[in-house]
There are 2 protein chains.
Amino acid sequence: MTDKFMSMKNLTFTLFSRGGKYPVATPDYLNDHTPKTTDMVFKAAFDLGKKVLHPMFEEMDRNPPQLAGNSVHVHEGVRPMLETLGEDGWIAALFPEKWEGENMPSSLLLCINFIFAAANYSASVYAGLTMGAGKLILSFGSETLQNTYLPPMLAGKWQGTMALTEPAAGTSLGDLCTEAIPFDGQLEGGQSEIGQPAGGYKIFGEKIFISAGDHDGVDNVVHLMLARIKGAPPGVKGISLFLVPKFRPDAKGNLVDNDVIVTQVFHKLGYRGAPIVGLRLGEKENCIGYLVGKEHQGLSYMFQMMNNARLEVGMGATSIATAAYHCALAYTRTRCQGRKITAPKGSAPIPIIGHPDVRRMLLFQRAVSEGALALILQCGMYEDILAKDPGQADCHLLLELLTPVAKTYPSEMGILSTSTAIQCFGGYGYCDDFPVEQHFRDMRIHTIHEGTTGIQAMDLLGRKLTMENGRALFLLKQEMEETMASAGHHPSLTGMVQSLAKGMGMLEKTTLGLGNVAMEKGPDAYLADASLFLEMFGILVIAWQWLTMAEAVLVAQKKEGLKKKDTLFYKGKLHVAQYFFSYELPKIQGLARTLEGSDQMTLAVPGDCFTD
Amino acid sequence: MTDKFMSMKNLTFTLFSRGGKYPVATPDYLNDHTPKTTDMVFKAAFDLGKKVLHPMFEEMDRNPPQLAGNSVHVHEGVRPMLETLGEDGWIAALFPEKWEGENMPSSLLLCINFIFAAANYSASVYAGLTMGAGKLILSFGSETLQNTYLPPMLAGKWQGTMALTEPAAGTSLGDLCTEAIPFDGQLEGGQSEIGQPAGGYKIFGEKIFISAGDHDGVDNVVHLMLARIKGAPPGVKGISLFLVPKFRPDAKGNLVDNDVIVTQVFHKLGYRGAPIVGLRLGEKENCIGYLVGKEHQGLSYMFQMMNNARLEVGMGATSIATAAYHCALAYTRTRCQGRKITAPKGSAPIPIIGHPDVRRMLLFQRAVSEGALALILQCGMYEDILAKDPGQADCHLLLELLTPVAKTYPSEMGILSTSTAIQCFGGYGYCDDFPVEQHFRDMRIHTIHEGTTGIQAMDLLGRKLTMENGRALFLLKQEMEETMASAGHHPSLTGMVQSLAKGMGMLEKTTLGLGNVAMEKGPDAYLADASLFLEMFGILVIAWQWLTMAEAVLVAQKKEGLKKKDTLFYKGKLHVAQYFFSYELPKIQGLARTLEGSDQMTLAVPGDCFTD
């Protein structure tokens, strides 16, 4: 079997070669990272992925986390991995120099995440979660909290988490009821607490589905937790953000138990190398949390985080689909079975990549995973521009508009893409002798965590499309027109340009139609088919991304002195672009028809009609 | 959680209520089974499913088969289950009275299979495989073979299998190389062998992926095995069918080891309750096989079997999707989360079935599973008509045409349907606390076993569509027009009738276009997009089936004295039909566009373009 899990050539091509309204990734936006230094960083990440993360890909799945006392036992490779990621500076990479970080721009971080997650998705999330939690502390935490918690977290010794979900509050976060009671007195045992003027808050509640919410690969776990301060307003406006450690350091730096009980480890379909746990807080009335930022601002802080987390989910799905594709590619190139229909009798079986249907399946996987990668890096570029110049309101709107797509397209299509990888293997794909069945299982979480597809769809249609009177969609259209104008200079791309223009026209018509529904029938009807709208919108956006790549190929092909493998890469890339336009883009026709003609029938079906 | 895994009302409605060119299932075609006696049979099957198969659904998955010596240890419930299925006559049901069977017609057997498989797919395959193998022995085996093997098989004491696949011959059966050498002398040990004039054949070879290929829930395993008699012509024309037992009965009826070695048990993504094994034959030159029927006719015998086996695979997929739907339905009716967008502030969370997107997901699952059930029962009806009157050539053609659809539509769409069931649960769906993740895993085999989707697609487009100058498609069109004509009398169905007619027009245009491709570019080009054609064809066929159901509802609604739950059932059924026409049927537009405009690009992509 192959141990190839991603293509470095495709990654750097996608990051650096494309044009568009906004400049391609340039050192200016990449904090002085050049293609050359980037290359070194990516190679180092790949090396780590190959040597540390990838070898335990299957083992971590076969030996999932186990509850042992009040701790979760994980694969023994997790601790040295996190130490290495800490020592080598990967966890601190996005942080400023003060924290021994490198101000790594978002685009490059997403690429590094892509490499690690393709090597071993479950292994990659540990450090990713710590980075996310650390970023929240950096952005909103007090200096004392930063000084106490960031160093061990960035060193890979303490785990960071995001603790949002509760048994009765998943999608509906406004219903969460973990409580924080201000606490002024002395703590039992008499330790003086740091980081909070008045002893902090006593936390009471229950959290579930907390990724890396506890494990023995670290010495402490630091939860960035949403809770409601006693007396806070109901709903989302009364939610605050707290830092709740598993062990709290006392004045002398000793770690004191903070009354965080691990209630369960969830047994999951996939993504088994990472522990997802349930937590009970304050059973002994001795769980202290420290307010991060201001009271009642918790959700908005978390959402600053969440937008990037959604890109990371999309990237995780993209990575898994990519790794599965490389397995399928290697297999179909070596597995011999059958012949061409027109082959002479008695000829030997051929490698199955020679069969058109197998090639279709490979093209489909590339169309999905490489298209998704391009979109997420496009979003990363907007993030980097905004990081340099937060006043770029247009970039902000585009990022807001595209985030639900960048989260959902890879996640939804990734299910089909990894399923197609299995299909390339035939019966062997269904067996755990090959890793594709694991990729299929690892993939399935992504349409759920960090906001389900239904939530992303309501976000896109209900919030993002209506922002500033629809300016975001207007801007996207501008971006796409820019691409179409410049791609249109290449005669071989005019077919794609026309198809995309036609598709944009259909989308505008659909959007107008939905606007009328909103006016005539109200918001419930407007949003009834939001998931289909997101699907249609996603296909169009990915088609645009494929056009940017096709154009980049035509530019690159004119360079002199191309090596043979570059020539083949560019040729293949154009085939995949063509595949997307011929096989994927036409799907919007049916979706447009449904969005036009559904009469929002899902609203009309009474619930009791489902009984029989 | 619910322990409901299927709807009896929907099953009998689908079997008995529909019209069409051929008569609905009537006692005439059902060997005198009336709706009333059928009802009793189904209730008995349901009872068995609920009490015996369903309770071990999760246990069998969590404790998969293990190799122990030269035997495979399976769940301890398998043996008593098979004994009960034998004693109560389920395994013999399809056999004639001579074998204490009931001449159970195909439609009803498919329904019984539906009930058992919905209760526990893995558990249901054991008896199903024995029935299939037994049917082969009945059709083609000598009287001695029948008398020796059928009684213990039909009693559930011996397992039957179909042993086709080899390590280098899966899809490409013509390449199989298990060898059978005629054997005239005395056997080692001196037993005189029964059932064959000249001692039988010595078998040498290796088989893989043999379902229920060995287990300790029975006393013997009887393989119906494809092999090549020494000196036979190459390819599919040199394949013969053999009966190869694990233990062969000697003259005294003692069971003698027959040199069949279990080499491995495959570890699978799902479908874990049933052992899929590898076998080595003749390691000690002491594996005897008995020719079944004539030399070199093996593949045609097996395919007589295989067509029905493909319907059974489609039915298995339908069952799993149905069971997953019922889990999702129960959950969404009780799980409270979120509110309507227009709900007043402070109102309590509602059951999530109240959210349009959740209803859409439930409607989708019903649209798939109930549509698939209807199609498979339509095929069962053709089988029953043919069983009574093999001269009904039109029925034969229709059955041939629809079999690849009846196998593939439920299997491909079932992946999406069970995935949607997971989505209804949110994060809980990804955990093994609920059974939907298992249904998702159990489902994934169906696009692979008994011929992959790619093979079904080539069968449909390459073989079935071209039979007798396309007469099968002509007949199908007639069937559909009959339905449209009678459904058109109901004003509320005219929209559906028009959509279906339009869709048929698109299909005809597409088919003509492909005919031109065949003439201009040859068979490789004609078949390049066969999978897409099968997808398009499948959606149209299922739309037709939904129209038959919608019409049946309108007829039934006119009856007097309907109970409230009947009224609700009919109302719900119409909603699902409308859903199919609004949300699923439009997908053919994109498919038609691709089939028209793809230029068979998958043929043109060189294999080395996939390297980078």
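Only the coordinates and a few stated rules stand behind these numbers; no lab work does. Owing to the predicted nature of the structure, the values given are computational and were not obtained by experimental measurement. Note that we place each Cβ from the backbone using ideal geometry, even for glycine, and neighbour counts take in every protein chain shown.
Quick notes
- Simple rule: put +1 on each Lys or Arg Cβ and -1 on each Asp or Glu Cβ in chain A, find the dipole, and look at A:Ala227, A:Pro80, A:Leu500; the Cα lying farthest toward the positive end is A:Leu500.
- Size check on the range A:376-460: the Cα extents along the three principal axes, sorted descending, read 54, 25, 16 Å.
- Sequentially through the range A:207-223, phi angles give Karplus couplings (6.51, -1.76, 1.60; θ = phi - 60°) of 10, 10, 6, 8, 5, 6, x, 5, 5, 8, x, 9, 9, 7, 10, 10, 8 Hz, Gly and Pro residues having no value and appearing as x.
- The string of couplings for the range A:156-169 from the Karplus curve (6.51, -1.76, 1.60, θ = phi - 60°) is x, 8, 10, 8, x, 9, 10, 10, 10, 5, 10, x, 10, 9 Hz, one whole number per residue in order, with x for Gly and Pro.
- Counting Cβ atoms of other protein chains within 10 Å of each Cβ in A:358-368 and taking the mean gives 4.
- Amide hydrogen proximity for B:Ala163: with H placed 1.01 Å from N in the peptide plane, the residues at 5 or more positions away or on another chain lying under 5 Å are B:Leu224, B:Met225, B:Leu226.
- Teacher prompt: A:Gly89 distances to equivalent labels in other copies, 7 Å Cα→Cβ, nm: 8.1
- Where labels lie 7 Å past Cα in the beta-carbon direction, separation of A:Lys345 and A:Phe247 in nm: 7.7
- Among the residues of A:588-597, the average count of other protein chain beta-carbon atoms within 10 Å of the residue beta-carbon is 6.
- Distant alpha-carbon pairs in the protein assembly as shown (separation over 45 angstrom), percent: 38
- Cα-based reach from B:Lys9 at 21 Å (exclusive), listing lysines while leaving out same-chain residues under 8 positions away: B:Lys36, B:Lys43, B:Lys50, B:Lys51, B:Lys558, B:Lys559, B:Lys563, B:Lys564, B:Lys565, B:Lys571, B:Lys573
- A dipole drawn for the range A:31-296 from +1 and -1 charges on Cβ atoms has a positive end, and of A:Gly156, A:Ala169, A:Cys111 the residue lying farthest that way is A:Ala169.
- Relative packing of peptides A:468-479, A:47-58, A:120-131 - highest average C-beta neighbours within 10 Å first: A:120-131, A:47-58, A:468-479
- Packing around the peptides A:513-521, B:136-144, taken as the average count of other Cβ atoms within 10 Å per residue, puts them in this order, highest first: B:136-144, A:513-521.
- Taking 0.36 nm per residue of separation and subtracting the Cα-Cα distance, full extension of the segment from A:Asn469 to A:Lys388 would add 26.5 nm.
- Charge tally in the Cβ shell below 10 Å around B:Ala324, where Lys, Arg are +1 and Asp, Glu are -1, B:Ala324 excluded: -2
- Convex hull volume per residue, computed on the Cα atoms of chain A, equals 180 Å³.
- Its Cα centre serving as origin, the range B:452-600 has a Cβ charge dipole (Lys and Arg +1, Asp and Glu -1) of approximately 760 debye.
- Under 5 Å between amide hydrogens, built in the peptide plane, is the criterion, and for A:Asn220 it picks out A:Gln159 among residues at least 5 positions away or on other chains.
- Antiparallel DSSP beta bridges within the protein assembly as shown, as percent of all bridges there, nearest 5: 80
- Sorted shortest first, the separations between the B:Gln392 label point and its copies elsewhere in the assembly read 6.9 nm; each point sits 7 Å from Cα along the Cα-to-Cβ line.
- Axial C-alpha extent at least 15 Å, average Kyte-Doolittle at least -1.0 - helices from chain A (DSSP): A:35-48, A:106-119, A:121-140, A:143-154, A:298-334, A:356-388, A:393-425, A:471-487, A:494-521, A:530-557, A:564-579, A:587-597
- Estimated FRET transfer efficiency when R0 is 41 angstrom, pair A:Ala168-A:Asn63 (beta carbons, to 0.05): 0.80
- Cβ neighbours within 10 Å from other chains - mean over B:342-348: 1
- Computed about the Cα centre, the dipole magnitude for the range A:547-598 is approximately 340 debye when only Lys and Arg (+1) and Asp and Glu (-1) carry charge, each at its Cβ.
- Whole-number D in µm² s⁻¹ for the range B:452-600, Kirkwood Cα-pair radius fed into Stokes-Einstein, 37 °C, 0.692 mPa s: 197
- Most tightly packed first, judged by the mean number of other beta-carbon atoms within 10 Å of their residues, the peptides A:223-231, B:416-424 read B:416-424, A:223-231.
- Check: the protein assembly as shown dipole with +1 on Lys, Arg Cβ and -1 on Asp, Glu Cβ, in debye: 1840
- Charge-dipole axis of chain B as Lys and Arg at +1 and Asp and Glu at -1 on Cβ define it, positive-most pick from B:Leu399, B:Ser17, B:Leu145: B:Ser17
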